[in-house]
Amino acid sequence: MRLDKFLKISRIIKRRPVAKEVADKGRIQVNGKLAKSSSDVKVGDELRIQFGNKVLEVAVEELHESTKKDDAAKMYRIISETRVENNGN
């Protein structure tokens, strides 16, 4: 499954165009490698997503073509969620 589609269906990122933009700006890694929105995601992959001042690391648990809101959270397991201090003055 494409990375941007996984992010949307799992509801990690609510809209696919936003998921595509985040990936294409180099803010997502799959298994430690920089990923594009078209990168393939499989069960067992680990994603590292940087949102502004937060870094979310998740493991892909399930893949579905579509989900209900309640089932979306079952598609991934949160490994860590950390705040990043922005000291770029």
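Of all residues in region 24-51, which are among the hydrophobic types (A, V, I, L, M, F, W, C) and in contact with a strand residue (DSSP E or B) (Cβ under 9 Å, 6 or more places away or on another chain)?
Of everything in region 24-51, those that are among the hydrophobic types (A, V, I, L, M, F, W, C) and in contact with a strand residue (DSSP E or B) (Cβ under 9 Å, 6 or more places away or on another chain) turn out to be 28, 30, 34, 35, 41, 43, 47, 49.
Considering only region 71-85, I want to know if a residue exists there that is closer than 15 Å to residue 8 by Cα, in a loop (DSSP other than H, G, I, E, B) and acidic (Asp, Glu).
No - not one qualifying residue is present in region 71-85.
Any residue in region 1-27 that's in contact (Cβ under 8 Å) with a residue 24 or more places away in the chain: show its pairings with residues that are open to solvent by 40 Å² or more (accessible area, probe 1.4 Å) and of a type in the set (Ser, Thr, Tyr) at Cβ separation under 9 Å, as long as the two are six or more apart or on different chains.
Between residues of region 1-27 that are in contact (Cβ under 8 Å) with a residue 24 or more places away in the chain and residues that are open to solvent by 40 Å² or more (accessible area, probe 1.4 Å) and of a type in the set (Ser, Thr, Tyr), the close pairs are 2/38; 3/38; 4/38; 6/76; 9/66; 10/76; 12/76.
Taking only region 1-15 into account, find how many residues are open to solvent by less than 80 Å² (accessible area, probe 1.4 Å) and either over 18 Å from residue 52 (Cα atoms) or part of a helix (DSSP H, G or I) (or both).
Result for region 1-15: 8.
Of all residues in region 16-26, which are under 19 Å from residue 71 (Cβ atoms) and either open to solvent by less than 50 Å² (accessible area, probe 1.4 Å) or at pLDDT 95 or above (or both)?
Correct list: 19 only.
Within region 37-45, does at least one residue satisfy the condition of being free of Cβ contacts under 8 Å to residues at least 12 places away in the same chain and open to solvent by 50 Å² or more (accessible area, probe 1.4 Å)?
No, region 37-45 has no match at all.
Hey, residue 31 hits all of (1) surrounded by fewer than 15 Cβ atoms within 10 Å (Cβ to Cβ); (2) at pLDDT below 95 but one; which does it fall short on?
(2)
If you check 33, 54, 74, 69, which single one turns out to be of a type in the set (Lys, Arg) and closer than 16 Å to residue 2 by Cα?
None of the other options fit; the residue is 33.
Select from region 58-76 the residues that are touching a residue at least 12 places away in the same chain (Cβ under 8 Å) and open to solvent by 10 Å² or more (accessible area, probe 1.4 Å) and list them in ascending order.
Answer for region 58-76, where residues must be touching a residue at least 12 places away in the same chain (Cβ under 8 Å) and open to solvent by 10 Å² or more (accessible area, probe 1.4 Å): 61, 62, 63, 64, 65, 66, 67, 69, 73, 74, 76.
The values are calculated or read from the model by the stated rules, or taken from the named source; none is laboratory data. Just so you know, these numbers come straight off a predicted model, no measurement behind them. All Cβ positions, glycine included, derive from the backbone under ideal geometry; neighbour counts span all protein chains shown. What goes into the accessible areas is simple: the full protein's heavy atoms, side chains included, and nothing from ligands, DNA or RNA. Shrake-Rupley method; radii C 1.70, N 1.55, O 1.52, S 1.80 Å.
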